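Below you'll find the structure, written out as structure tokens, and then a few comments.
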Amino acid sequence: MSNIKIRNMTIDDLPKIYRLGEKVFTLNKYPNLHRVWDENEVVEFFVNDKESCFVAVDENNEIAGFILSYIIHKASIRYGYLVWLCIDKQYEKQGVASILFDKFLEHMKNNDVETVIVDVEKSNEKALNFFRNKGFSSPKEQIYLTLNLKDKK
């Protein structure tokens with residue numbers, strides 16, 4: 001793990017982040033995604049809050065994983081919203097997600113964030129366990145409904 005470095009996302013990372021997310025965030029694997037993974041999603045995070053977005057890179061500067069997040073300012077309270085956490089399959093179970101998340105959490109604390117929010121599908125046990133191990137508690141269920149318009153023709 002000593003060869004993995006965590007840094008802020010740069011403009012040169014955008015295509016690599018997009019391609020990795022495209023491999024991981026598929027509707028077949030995550031049919032209840034309420035946000036759609038596309039190139040605009042990555043650009044939006046870069047433009048709006050790149051300071052809250054991090055990449056894990058290996059010794060060849062290849063992206064091993066990333067976090068896309070932002071800080072929400074509501075009155076006098078700040079919330080951190082972790083929207084996308086993605087680890088390349090070849091780096092799974094090597095602690096990359098943990099060190100990436102720890103850097104994200106440090107950034108949130110340094111910016112006076114009081115609460116961090118993350119969405120996880122109920123069936124995604126791996127992610128649920130990860131976030132529980134990182135201190136998240138009190139999960140709330142949310143229901144997403146879909147309407148397949150192809151079936152309505």
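Averaged per residue, region 1-129 has 57 square angstrom of accessible surface, using a 1.4 angstrom probe with ligands and nucleic acids left out. Straightening the chain between N124 and S137 buys 3.1 nm, computed as 0.36 nm per residue apart minus the Cα-Cα spacing.
Relative to the compact globular guide of 2.2 N^0.38 Å, what is the alpha carbon radius of gyration of region 1-140, as a ratio?
Working: Rg = 14.4 Å, N = 140, 2.2 N^0.38 = 14.4 Å.
It is 1.00.
Label reach from I11 (point 7 Å along Cα→C-beta): in region 47-79, amide nitrogens under 19 Å belong to 47-55.
Shown in residue order for region 132-137 are the 3J(HN,Hα) couplings computed by the Karplus curve 6.51 cos²θ - 1.76 cosθ + 1.60 at θ = phi - 60°: 4, 5, 8, x, 6, 8 Hz (x for Gly and Pro). Residues in region 10-23 carry Karplus couplings, in order, of 10, 4, 5, 7, 3, x, 5, 4, 4, 5, 5, x, 4, 5 Hz; the curve used is 6.51 cos²θ - 1.76 cosθ + 1.60 with θ = phi - 60°, and Gly or Pro positions show x.
The values are calculated or read from the model by the stated rules, or taken from the named source; none is laboratory data. Note that the coordinates shown come from a computational prediction; the quantities given were computed from them, not determined experimentally. With ideal geometry, Cβ positions are generated from the backbone for all residues, glycine too; neighbour counts draw on all protein chains shown. SASA here: full protein model, heavy atoms, side chains in, ligands and nucleic acids out. Shrake-Rupley method; radii C 1.70, N 1.55, O 1.52, S 1.80 Å.
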